[in-house]
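Enquirer: What follows is a single structure, and I will ask about it in a moment.
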Amino acid sequence: MKITMAHGSGGRATSQLITGIFEKNFNNDILSRMEDSAVVAGSSRLAVTTDSFVVNPLFFPGGDIGKLSVCGTVNDLLMSGACPKYLTCGFILEEGADSEELEKIAASMAQTAREAGVTIVAGDTKVIEGSGGIYINTAGVGFVPEGVQISASLCEEGDAVLVSGNLGDHHAAILSARMEITNSIVSDCAPLGEMVRSMQEAGVRIKAMRDVTRGGLATVLHEFAAASDCCVELTQSCLPVSDQVKGFCGLLGLDPLYMGNEGKMTAVVAGEDAELALSCMQKSKYGEAAAIIGHISGKERGKVLLTTPLGGIRVITELIGEGLPRIC
Amino acid sequence: MKITMAHGSGGRATSQLITGIFEKNFNNDILSRMEDSAVVAGSSRLAVTTDSFVVNPLFFPGGDIGKLSVCGTVNDLLMSGACPKYLTCGFILEEGADSEELEKIAASMAQTAREAGVTIVAGDTKVIEGSGGIYINTAGVGFVPEGVQISASLCEEGDAVLVSGNLGDHHAAILSARMEITNSIVSDCAPLGEMVRSMQEAGVRIKAMRDVTRGGLATVLHEFAAASDCCVELTQSCLPVSDQVKGFCGLLGLDPLYMGNEGKMTAVVAGEDAELALSCMQKSKYGEAAAIIGHISGKERGKVLLTTPLGGIRVITELIGEGLPRIC
Amino acid sequence: MCVALPGRVIEIEGTTAVVDFQGNRVRAEAGLVCVKPGDSVLVHAGCILQVLSEEEGKQLTELFEELEEAAGEGNN
Amino acid sequence: MCVALPGRVIEIEGTTAVVDFQGNRVRAEAGLVCVKPGDSVLVHAGCILQVLSEEEGKQLTELFEELEEAAGEGNN
Amino acid sequence: MKEIIEYLQSYQGRTLKLMEVCGTHTAEISRNGIPGLLSPSIQLVSGPGCPVCVTVTEYIDRLILLGKEPGNIVVTFGDMLRVPGSSQSLSEARAEGCQVRMVYSPMDMLKLAGENPEHTYIFAAVGFETTTPVYAMLLKNALAGGIKNIRLLTSLKVMPPVIDWICGEKQENSIDGFLAPGHVSVITGSRAFEGLAEKYGIPFVVAGFEGEQILAAIAALVKLRGVGKTVNMYTSAVTREGNLTAQAAVEEYFEPADAAWRGMGVIPGSGMVLRKKYEAFDAGSRELMEDREKNKGCCCAGVLTGKVRPVQCPLFGKVCTPQTPQGACMVSTEGSCFNSFNSILPEASASNIEAGDK
Amino acid sequence: MKEIIEYLQSYQGRTLKLMEVCGTHTAEISRNGIPGLLSPSIQLVSGPGCPVCVTVTEYIDRLILLGKEPGNIVVTFGDMLRVPGSSQSLSEARAEGCQVRMVYSPMDMLKLAGENPEHTYIFAAVGFETTTPVYAMLLKNALAGGIKNIRLLTSLKVMPPVIDWICGEKQENSIDGFLAPGHVSVITGSRAFEGLAEKYGIPFVVAGFEGEQILAAIAALVKLRGVGKTVNMYTSAVTREGNLTAQAAVEEYFEPADAAWRGMGVIPGSGMVLRKKYEAFDAGSRELMEDREKNKGCCCAGVLTGKVRPVQCPLFGKVCTPQTPQGACMVSTEGSCFNSFNSILPEASASNIEAGDK
Ligand code: SF4
Ligand code: SF4
Ligand SMILES: [Mg+2]
Ligand SMILES: [Mg+2]
Ligand SMILES: [Mg+2]
Ligand SMILES: [Mg+2]
Ligand SMILES: [Mg+2]
Ligand SMILES: [Mg+2]
Ligand SMILES: [Mg+2]
Ligand SMILES: [Mg+2]
Ligand SMILES: [Mg+2]
Ligand SMILES: [Mg+2]
């Protein structure tokens, strides 16, 4: 079935779409009440976040826009030290969107939500003119345990910088599909709850965490450097990148430091806890290739510096422009 | 400035857009931290909701997409008996969107949020291909006071049905702009916190509330009838509709019962509290034209019936199809 | 069929008229009728179909009662 | 200028070749060179520019040292 | 008015089947709850009164084809968007790149076409006698303004031949009187129905669109049962002769033709097409003179002619619903099947769990 | 390698100004942090090495005009999207309906054009000697396949004339050696630079793109300072003659022409255009032989020729930033000004409050 403007009318077509696809897949008591808001149990400190997902193609090796929309928001809650609890989701459908695809996406969201331990408690669907696109916004609410303080502004000299796995997998998987380049690169799209909990339970003193998404590791670390007024020093040879992604980047003139992931995080932890954090990451489901990639210093405040294999120093800025494939 | 794909890259262009427009307008300590999630104070019962806004034109008499996006979510929280507290907002911008317009929209969101007493604590911006469209998702978190129980399923025989003002104003304002019909109809787009609080404080026993948006009053009341397995009986002569909207509907073959508002609510209250509820509504800022429009009975369960001025009975269904202007 | 609504002519420009419907103004083609500002007109799809007679017509009840005679012819 | 990357030819179909770059496969125009599967080639913008010589070339250091003689001519 | 209602409630004569042939009448009857105000011996039957819903699937298919051609834009009234063609509606086709624009008036084409000479604007020109003069004025203005990038795909119908067809010998159940269409009569005049009234010996009453006007007209039909007379009860707008200027304008641009009605087949002389002289404005309308029914089980012909009640159709409420309409009668919000579906509210719809928030 | 680095760090002779004229060299020098490994007496200067950034504003303007014509689609490499024309870039124009498609290879045009014969695909054919043979192959395949809906808007450059121009008498600061472009040399062969080396008595070293290869080539240039000799240190890919098949293919479809370089003006013989014989494939390239500078204050000509360092430009970091590039050198991520801006990180950028979550 093709989605038409009537599915966004708020009338019978909308409610049949909701019943037929979303309610069936997101089935839970709270959502089924179908009130204007979901009423749920609370906590004394909340984390709240939102992201929209506009990925093209909708289905890609390793995931789809639905899985992405859950992982993205769950990971953002985790990065603030929260335990993710509730999600809302808003669908913006272009006329001509395919309801079978929509159903697959909803099923994927439901499965990822189960893995991540979150409940989808509210939703909305709008239809716009267009040619079959699907966009999803998710917002998330999580509970922050007493005493947890995690912020980009808490990095200190001597802290260690880790990344939880290979850079660029998601970005390369998406772009491969768009540019029709054949490879076996798979998006890393994943919820990172187990990884974060494992570090927290092991007592790792986490200063800052961020998932490495749009803008890539360079942009995230640049933000840490700015927020904490410190210098992030990296060693290029420690940066984990798969050979296939290296080749892909070579082909298109891209740099893995600026490529997005959807199941990778970077953490700044107390220097003495670096090895502990690394072993927690490496033992968890999505952290096999985790690495200690650098440390925090006072060398050049607000900057990220990378030592190259030749011993040169490169200044790493945040992403500028779009990070498009290049000929030159 | 025209928005380009670079503004959605997650890099420097994105952060300049955020700093230059959103941070400036939504300025608050929580948002300024720019972490992956906002960490805020919580409560033991939360209301959570979301809506996307895709209105065209972006600016219309009485409001704009920004005001709408705050009112819509604030009102949904209110309708569940919650006190609205936090909003997230996700912008999906089409290439070519105008940053000056975006700034006006952000300013309008900020002002409406102030009036409604909510804080915008998290945001996100994505850019897609297209031709200048702007879409906004907001999600909201509110706190539900102890003992409050409001639900579409709690309507009982003998309850009164009220609506807080004239039907169809928002829909007619938008469609007038699109169909180039000149009139002075203004969208009713407004936050309804004061109205709801006034009823709550007066001790009105509210059974069900819903804002009258997409699908119109007919669709909302049909949902009450279905959820409470009761009959909603309305009197046509009591339905408030302005003369101008009546004329507009006549021109385009539309029915105000199926037209959306953005600052009107319908409430089902204990029969004895009907007058009290009415006076609360009428005294509040956006409730001048409020009316008691009917009552709940057991006549035809699951249906909405309307008595016409001639004494005939009309069965009111929910909106079917799109509610488009008609020639026939 | 044929949604059509009575409105009042506000002004005329060439063969188009601005017609008001309880405060809603629309440009309507006026080439099928002879109208002046103030006239009450029937508009369909942006075109004036007819000028409505302003004289107080007969009440529906009156019209109905007058049928008595005609009805006599019937064979039920 | 000119992002170009060495890859290995996997197969040839007419004047196009499938070339592998560390696991990434791309169809490349092969009309400017004479190639066979297994060849190492330099690809730019979807076109093979050159077959890379497989013979173990001189080390950079060697090349550098050999310059001694040529440098003699210099007037600094 | 009270006495009229009493008259209608207390009628105890033979069962009368009265047909309205105007979709707006159908809608107003429903909106005013009029059936509940009548004696059980007065049955209201809806005729083929909506020009949108009687368009054949082929016509929609053609519009879609035209709208998908680069440079073409189909322009239409809103209610055409959901009429199903043989595989999709304009609304569904839009999702696949068919260019469609909704307007309030065909006159809006003049501005669009004038400002965008690189596009061809094709109006989905459906209508009865009421709307045809509007298209005549559109062409007149286009010619005067030298605007050439306008086409009409016409599906224009006239009322008397289809009423004749309905009353004709082939029909088993005869109709006892017609609520003559008010806005058609504004153009044609009430005299358009006089011949039919005489031929079949049944009354035609021209009615306005207020609830009271409709009730009075029904009462008049009851009172005049068996009398072959035409009565005009919409005197503020309708005369015996109608709008002669409009009739002349139509005459200039259009000529009578056979026409296919959805679910009913071809009825001779029941349509209008552009005269050869103006064929440059035509988008191929003359090729669409056939009706290929979408669903063989659809009883539209019977429903439209008052022989079959919607609930008697085997598809009603099952495969045929307002969201999956099989025939003309379920297409329009004024169709008999659509209105029956909504008055009856079958199981199918009541069991939906509805979405709360919008 | 260690000894090469030591050699470069310990160099104490006269200050040498060495120019790389390949954008990928520029980028790799920056990515490998090479400037920090050199003696302060060795200065690296970036020449006009990015074919994307040396396109003139008029070229971008023309692409935009073409892409806005109905039926046309501009096809381009990703990095052309952000190059500013006189009022907007392709990326900005896309937002206003200009049809633009990004591909990995010009060869992708064959499939696009074959499958969509109703569109005309216009390739933004920029490039140096490396890329011109690819366009030649595109045309050869299009001709063989009978594909006619392909056009090139060319802005093709050749290296020796611009190097000659840089070294020429007009320039005040002379360059002491050139890192000759590796991938250009794959096609042209190292002999293309022999004449220049002799003419100006300075060394040219053909270099590969690994950090080590670049370091070795720089070391070679230092060692050969003052010697008019061409040395090939990228022996795996480059020969003295180059790719003769490619040279013949270029010869078949293209002929030398004058060319305008952004910020530098017209350099005689520094370009290539389609031969008259193939002008059916041309989208009007011969009309774009002028350079109208966007910002009069831009010192690109000086920067590109090694006379001015980016920080010396009065616009640098003020009105001219990577997001509001005024000249070619700020356009490309390999441009001198772009790279200087990012190494230096001026106040303007550090004061931004960044968005956390993506
Ligand atoms: S219910 Fe549907 S199929 Fe049956 S007659 Fe009516 S429109 Fe035709
Ligand atoms: S800083 Fe900008 S304006 Fe100055 S030379 Fe470089 S590109 Fe030109
Ligand atoms: Mg977020
Ligand atoms: Mg789209
Ligand atoms: Mg909501
Ligand atoms: Mg759009
Ligand atoms: Mg609501
Ligand atoms: Mg909603
Ligand atoms: Mg809502
Ligand atoms: Mg994040
Ligand atoms: Mg975000
Ligand atoms: Mg995120």
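The values are calculated or read from the model by the stated rules, or taken from the named source; none is laboratory data. Computed from a prediction, not measured in an experiment: that's the story for all the values here. Cβ sites come from the backbone with ideal geometry, for glycine too, and all protein chains shown count toward neighbours. With ligands, DNA and RNA removed, areas are computed over all heavy atoms of the protein, side chains included. Shrake-Rupley method; radii C 1.70, N 1.55, O 1.52, S 1.80 Å.
Enquirer: Can you list residues from other chains, or at least 5 along the same chain, whose modelled amide H is less than 5 Å from the amide H of C:VAL43?
Expert: For C:VAL43, the qualifying residues are C:LEU5, C:GLY7, C:LEU49.
Enquirer: First compute the accessible area of the protein assembly as shown with a 1.4 Å probe, then give the percent of it belonging to carbon and sulfur atoms. Walk me through the numbers on the way to the answer.
Expert: Numbers: 25330 of 51620 Å².
Answer for the protein assembly as shown: carbon and sulfur cover 49 percent of the accessible area.
Enquirer: Follow-up. Rounded to the nearest 100 Å², what's the accessible area chains C and B bury against each other, both chains counted, probe 1.4 Å? Please report the intermediate quantities before stating the final value.
Expert: On the way: alone 5920 and 14830 Å², together 19710 Å².
In total, chains C and B hide about 1000 Å² from solvent.
Enquirer: Over segment A:152-316, with a single point scatterer placed on each C-alpha, what log10 of the ratio I(q)/I(0) does the Debye formula yield at q = 0.08, 0.15 1/Å?
Expert: -0.22, -0.76
Enquirer: Turning to a different aspect of this structure: Go ahead and collect, in residue order, the members of segment F:247-261 whose backbone nitrogen is under 17 Å from a label point 7 Å along the Cα-Cβ direction of F:ALA144.
Expert: Once the point is set 7 Å along Cα→Cβ of F:ALA144, F:247-253 turn out to lie under 17 Å by backbone N, inside segment F:247-261.
Enquirer: Let me ask something additional. Using the Karplus equation 6.51 cos²θ - 1.76 cosθ + 1.60 (θ = phi - 60°), what ³J(HN,Hα) coupling, rounded to whole Hz, does each residue of segment A:151-162 give in order, writing x for Gly and Pro?
Expert: 7, 4, 8, 9, 6, 10, 3, x, 5, 9, 10, 10
Enquirer: Shifting gears a bit: Roughly what percent of Cα-Cα pairs across segment A:234-328 reach past 15 Å?
Expert: Numbers: 3121 of 4465 pairs.
Percent of Cα pairs beyond 15 Å in segment A:234-328: 70.
Enquirer: Quick one: if you stick a label point 7 Å off each Cα along the C-beta vector at F:VAL319 and A:MET1, how many nm between them?
Expert: About 5.8 nm, to one decimal.
Enquirer: A follow-up question, please. 7 Å from Cα along Cα→Cβ at both E:GLN312 and C:CYS34: what's the point-to-point distance in nm?
Expert: The modelled label-to-label distance comes out at 5.1 nm.
Enquirer: Something else: For the modelled label position 7 Å from the Cα of B:SER237 along Cα-to-Cβ, which residues of segment B:257-301 have backbone nitrogen atoms closer than 15 Å?
Expert: Under cut-off, by backbone N: B:292-294.
Enquirer: If you don't mind, there's one more thing I want to ask. In whole angstrom, how long is each semi-axis of the equivalent ellipsoid of segment E:1-124, when you take the square root of 5 times every eigenvalue of its Cα gyration tensor and sort them from largest down?
Expert: Working: eigenvalues 364, 50, 19 Å².
Calculated on Cα positions only, the semi-axes equal 43, 16, 10 Å.
Enquirer: Please check which bits of segment A:42-62 a label hung off A:SER184 would reach, taking the label as a point 7 Å along Cα-to-C-beta and the cut-off as backbone N under 15 Å.
Expert: Residues A:61-62 qualify, since their backbone N sits under 15 Å from the label point.
Enquirer: What are the residues whose amide H is under 5 Å from the amide H of E:VAL308, where those residues sit 5 or more places off or on another chain and H is modelled from the backbone?
Expert: Distant-sequence amide H within range of E:VAL308: E:VAL303.
Enquirer: Could you list which residues have their amide H under 5 Å from that of E:GLY201, counting only those 5 or more apart in sequence or on another chain, with H placed in the peptide plane?
Expert: Answer set, sorted by chain and number: none.
Enquirer: Of F:LEU179, F:LEU153, F:LEU288, which is the most mobile in a GNM of chain F whose springs link Cα atoms less than 10 angstrom apart?
Expert: Taking springs between Cα atoms under 10 Å, the residue moving most is F:LEU288.
Enquirer: May I pose another question? Using the structure shown, select from F:LYS229/F:LYS296; B:LYS104/B:LYS283; A:LYS126/B:LYS2; E:LYS276/F:LYS68; A:LYS126/E:LYS111; A:LYS303/B:LYS24 the pairs with a Cα to Cα distance greater than 28 angstrom.
Expert: F:LYS229/F:LYS296; B:LYS104/B:LYS283; E:LYS276/F:LYS68; A:LYS126/E:LYS111
Enquirer: For chain E, give me every cysteine whose Cβ has no other Cys Cβ within less than 4.7 Å, ordered by residue number.
Expert: So far as the 4.7 Å Cβ criterion goes, E:CYS22, E:CYS98, E:CYS167, E:CYS298, E:CYS300, E:CYS320 stand without a partner in chain E.
Enquirer: By how many degrees, 0 to 90 and rounded to 10, does the Cα axis of helix A:216-228 deviate from the longest principal axis of chain A?
Expert: Helix A:216-228 and the main axis of chain A meet at about 70 degrees.
Enquirer: Right, next: Tell me, what HN-Hα J-couplings in whole Hz come from the Karplus equation 6.51 cos²θ - 1.76 cosθ + 1.60 at θ = phi - 60° for each residue of segment A:10-25, using x for Gly and Pro?
Expert: Result, rounded to whole Hz: x, x, 5, 4, 4, 6, 5, 5, 5, 5, x, 10, 6, 4, 4, 7.
Enquirer: Return the sequence-ordered ³J(HN,Hα) values of segment A:297-313 in whole Hz as given by the Karplus equation 6.51 cos²θ - 1.76 cosθ + 1.60 applied to θ = phi - 60°, using x for Gly and Pro.
Expert: 9, x, 4, 10, 4, x, 10, 10, 10, 10, 8, 8, x, 7, x, x, 10
Enquirer: With the label 7 angstrom out along Cα to Cβ, how close does B:GLN282 come to the same site in each of the other copies, in nm, nearest first?
Expert: Nearest first, the other copies' label points are 7.6 nm away.
Enquirer: Here's something else I'd like to know. Hey, got the average number of other protein chain Cβ atoms within 10 angstrom for residues in B:82-90?
Expert: Values: counts 3, 0, 1, 2, 4, 3, 11, 4, 11.
Per residue, the average neighbour count from other chains is 4.
Enquirer: Could you state the angle between the C-alpha long axis of helix B:243-252 and the longest principal axis of the C-alpha atoms of chain B, as a value from 0 to 90 degrees rounded to the nearest 10?
Expert: Once rounded, the angle reads 80 degrees.
Enquirer: Can you figure out the FRET efficiency of D:GLU66 with F:ASN116, using R₀ = 35 Å and their beta-carbon distance, to the nearest 0.05?
Expert: Values: r = 55 Å, r/R0 = 1.57.
Calculated value: 0.05.
Enquirer: If you don't mind, another one. Averaged over its residues, how many other protein chain Cβ atoms are within 10 Å of peptide B:177-186's Cβ atoms? Before the final figure, lay out each step's value.
Expert: Details: counts 0, 2, 7, 7, 6, 7, 7, 3, 2, 0.
That average works out to 4.
Enquirer: For segment C:5-74, what is the charge dipole size about the Cα centre, in debye to the nearest 20, if Lys and Arg each add +1 at the Cβ and Asp and Glu each add -1 at the Cβ?
Expert: On the way: 5 positive and 14 negative charges, 142 e Å.
Computed charge dipole of segment C:5-74: roughly 680 debye.
Enquirer: As I understand it, the value is the acute angle between the Cα axis of helix A:99-116 and the longest principal axis of the Cα atoms of chain A; what does it come to in degrees, rounded to 10?
Expert: 50
Enquirer: For the interface of E with C, what's the total buried accessible surface in square angstrom, probe 1.4 angstrom, rounded to the nearest hundred?
Expert: Numbers: alone 16080 and 5920 Å², together 18640 Å².
Approximately 3400 Å² gets buried when E meets C.
Enquirer: Over the residues of segment D:5-74, compute the C-alpha Rg and express it relative to 2.2 N^0.38 Å. Intermediate results must be reported in sequence, preceding the final value.
Expert: Working: Rg = 16.4 Å, N = 70, 2.2 N^0.38 = 11.1 Å.
For segment D:5-74, the normalised Cα radius of gyration comes out at 1.48.
Enquirer: So in chain F, what percent of DSSP beta bridges are antiparallel if you round to the nearest 5? The partial results should precede the final answer.
Expert: Working: 11 of 41 bridges.
So the antiparallel bridges in chain F amount to around 25 percent.
Enquirer: Please compute the average number of Cβ atoms from other chains found within 10 Å of each residue's Cβ in peptide B:113-123. Numbers along the way, then the final one.
Expert: Numbers: counts 0, 0, 0, 0, 0, 0, 1, 0, 5, 11, 6.
Taking the mean over all residues of the peptide, I get 2.
Enquirer: With 15 Å as the cut-off, how large is the P(r) tail for segment F:274-318, expressed as percent of Cα-Cα pairs?
Expert: Percentage above 15 Å: 60.
Enquirer: Now for a different question. Find the accessible area per residue for chain F; the probe is 1.4 Å, ligands and nucleic acids are left out, and the unit is Å².
Expert: On the way: 12340 Å² over 358 residues.
Result: 34 Å² of accessible area for each residue.
Enquirer: If the label for A:SER99 sits 7 angstrom from Cα along the Cα-to-Cβ line, what are its distances to the same label in every other copy, in nm to one decimal, shortest first?
Expert: Label-point distances to the other copies, shortest first: 4.2 nm.
Enquirer: Roughly what would the spin-label model give for F:SER87 and F:GLU241, points 7 Å off Cα along C-beta, in nm?
Expert: 5.3
Enquirer: Still on this model: With equal scatterers on the alpha carbons only and no solvent term, can you work out the Debye log10 of I(q)/I(0) for segment B:72-224 at 0.14 1/Å?
Expert: So the normalised log intensities work out to -0.86.
Enquirer: Now for a separate question. I'd like the FRET efficiency for A:ARG205 and A:ALA41, computed as 1/(1 + (r/R0)^6) with the beta carbon distance as r and R0 of 35 Å, rounded to 0.05. Each step should come with its number before you reach the end.
Expert: On the way: r = 30 Å, r/R0 = 0.85.
Efficiency, rounded to the nearest 0.05: 0.70.
Enquirer: Which three lengths, in whole Å and largest first, does segment A:5-143 cover when its Cα atoms are put on their principal axes?
Expert: Each principal axis gives a Cα extent; for segment A:5-143 these are 42, 35, 21 Å.
Enquirer: Does the protein assembly as shown come out rounded, prolate or oblate, given a ≥ b ≥ c as the square roots of the eigenvalues of its C-alpha gyration tensor, rounded meaning a/c under 1.5 and, failing that, prolate meaning a/b above b/c? Display every interim value, and only then the final one.
Expert: Details: a/c = 2.79, a/b = 1.78, b/c = 1.57.
Here the protein assembly as shown falls in the prolate category.
Enquirer: Then there's this: Could you order peptides E:239-245, E:40-46 by the average number of other Cβ atoms within 10 Å of their residues, highest first? Spell out each step's value before the answer.
Expert: On the way: E:239-245: 16.4, E:40-46: 19.7.
So the order, starting with the most tightly packed, is E:40-46, E:239-245.
Enquirer: How big is the Cα convex hull of segment E:1-296 in projection, averaged over all directions, in nm²? Write down the numbers at each step before the final one.
Expert: Values: hull surface 63.4 nm².
Averaging across all directions leaves 15.8 nm² for the Cα convex hull.
Enquirer: Since chains C and D are linked by a rotation, which residue in C has the beta carbon closest to its axis, and how far is it in Å?
Expert: C:GLY46, 28
Enquirer: Then there's this: Could you pull the copy-to-copy label distances for F:LYS140, with points set 7 Å along Cα to Cβ, in nm to one decimal and sorted shortest first?
Expert: Inter-copy label distances (nm, one decimal, shortest first): 6.8.
Enquirer: Now for a separate question. Compute for chains A and B the buried accessible surface, both sides summed, probe 1.4 Å, and express it in Å² to the nearest 100. Could you put the intermediate results ahead of the total?
Expert: Values: alone 14850 and 14830 Å², together 24540 Å².
Its buried surface, counting both partners, is about 5100 Å².
Enquirer: How big is the C-alpha Rg of segment F:46-187 next to the rule-of-thumb value 2.2 N^0.38 Å, as a ratio?
Expert: With N residues counted in segment F:46-187, Rg over 2.2 N^0.38 Å equals 1.17.
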